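Right, one structure below, let's go through it.
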Amino acid sequence: MLEVECTQGQVLYFHGEELRAPDFRTPEEKLAFALRRVCHFLVDRIDDKGLQDVCQSLAEFYVYYKPTEESQPLLPATRMRRAKGVVRSVSPGFVIEEE
């Protein structure tokens, strides 16, 4: 059984659910991971009639909480170079002479 307190005083119980997670450096990282998993779990179980409302609410939350600083690219910017023309040479054929 998984038990998560999302808001103070409100505890959600998930019977038959198991939360598997890697090791974390801090308790805050572990809590953030658990809350993300619970959010995915809840959205997955919303009735189809409520999905549009949930999507709109999540989009509003995203705009409100999105990071203010620009994320750094993981790879350097793409660089382009012109290819240099090379002279091709043909190697002589391999010949096996009869004895």
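The values are calculated or read from the model by the stated rules, or taken from the named source; none is laboratory data. Not measured: the values here are computed from a predicted model. Using ideal geometry, Cβ is built from the backbone for each residue, glycine included, and neighbour counts are taken over all protein chains shown.
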Only one of (1) at pLDDT below 85; (2) of a type in the set (Gly, Ala, Ser); (3) surrounded by 10 or more Cβ atoms within 10 Å (Cβ to Cβ) fails for residue 50. Which number is that?
(1)
Boolean, residue 23 is under 26 Å from residue 59 (Cβ atoms) and modelled with pLDDT of 65 or more
no
